[in-house]
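The values are calculated or read from the model by the stated rules, or taken from the named source; none is laboratory data. Predicted, not measured: the structure shown is a model, and the values here were computed from it. Positions of Cβ are generated from backbone atoms using ideal geometry, with glycine treated the same way; all protein chains shown enter the neighbour counts.
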Amino acid sequence: MADLEARISECRRRWEAAPDSRAFIPLADLLRQAGRAEQALEVLEAGLARHPRAVAALVTLARTLAAVGRTAEAAEAAAHVLEHDPDNIAGLELVAEEDRRRGDLVAAIGRTERLAELAPDDRHWPALLGQLREQRAALSAAEGAAREGGFATLTLVDLYLAQGYAQKAEALLSRLVSERPDDPEVRRRLASLASAGDGAPAAAAPAGGAPRSLPQDRAERREMAKEQFAMWIERIRVDREVAP
């Protein structure tokens with residue numbers, strides 16, 4: 001930590017000696033690494049005012065915003081990175097994360113495919129790509145089952161939340177409120193999700209069962225996800241059969 005602070009002091013000295021230079025970029029990145037995100041953002045704001053197209057600065061801005069939970073703004077900064085450098089790995093990764101957060105699996109898969117092409121030796125991307133494709137197939141099946149018969153259920157809301165798609169869950173709950181204006185549970189769920197905002201829970205346990213602890217092994221997590229999707233799809237079908 002002492003070494004990091006010494007490097008921060010040296011970078012700050014260099015930037016103060018040449019405020020029109022790009023010395024602000026390593027300073028901001030070191031501040032981010034030290035957990036001093038607000039200071040990093042202040043430095044980036046001043047530096048980007050002089051160098052608005054500095055790709056490295058935009059990457060650092062996106063990473064810093066992501067570190068403090070400002071994910072939508074981080075994705076916007078990353079999108080600016082891609083305007084200047086379409087194959088920037090950090091930019092693609094951050095935008096793909098936002099795609100996944102919003103539930104846009106088609107866009108996330110496309111960007112992850114490109115990441116796998118750009119970094120063929122990184123096994124993380126092919127593994128993530130496989131997970132996303134399985135997720136898309138399972139969600140498509142669940143959404144199809146829910147739409148069959150022309151209605152949706154709270155089960156699909158649970159499925160979206162389990163995958164971290166709070167925006168999709170909120171949109172579906174809003175639709176359910178209009179379809180079921182006298183249903184207090186639907187209104188309660190929507191109010192709860194809306195009040196949570198960005199802090200909405202990323203997962204929801206299926207009704208009638210407590211959430212299981214998350215396994216550490218990736219293969220085990222994928223098998224659990226398949227079991228959960230199968231359970232949700234079956235519940236959706238049962239809901240459809242018993243609906244009046």
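Exactly one residue out of Glu83, Glu73 is at pLDDT below 95, among the charged types (D, E, K, R) and within 15 Å of Glu97 (Cα to Cα): that is Glu73. Here Glu16 clears all of (1) surrounded by fewer than 16 Cβ atoms within 10 Å (Cβ to Cβ); (2) in contact (Cβ under 8 Å) with a residue 24 or more places away in the chain except the condition numbered (2).
Cβ separations smaller than 8 Å between residues 6+ apart or across chains give the following pairs from region 121-136 residues that are free of Cβ contacts under 8 Å to residues at least 40 places away in the same chain to residues that are not in a helix (DSSP H, G or I): Trp125/Ala119. With respect to the stated conditions, Val68 fails to be aliphatic (A, V, I, L, M) and more than 23 Å from the chain's Cα centre (by Cα). Is it the case, given these coordinates, that Glu98 is among the acidic types (Asp, Glu) and buried (at least 20 other Cβ atoms within 10 Å of the Cβ)? Yes; evaluated as a whole, the condition is true for this residue.
Hey, can you tell me all the residues within region 31-40 that are assigned to a helix (DSSP H, G or I) and touching a helix residue (DSSP H, G or I) at 6+ places or on another chain (Cβ under 6 Å)? Scanning region 31-40 gives Leu31, Arg32, Ala37, Gln39, Ala40.
For region 51-70, the criterion of being of a type outside the set (Gly, Ala, Ser), surrounded by fewer than 18 Cβ atoms within 10 Å (Cβ to Cβ) and either in contact (Cβ under 8 Å) with a residue 40 or more places away in the chain or in a helix (DSSP H, G or I) (or both) is satisfied by no residue at all. Looking only at residues that are basic (Lys, Arg) and closer than 20 Å to Asp3 by Cα in region 19-50, which one is surrounded by the fewest Cβ atoms within 10 Å (Cβ to Cβ)? So, considering only residues that are basic (Lys, Arg) and closer than 20 Å to Asp3 by Cα, the one surrounded by the fewest Cβ atoms within 10 Å (Cβ to Cβ) is Arg36.
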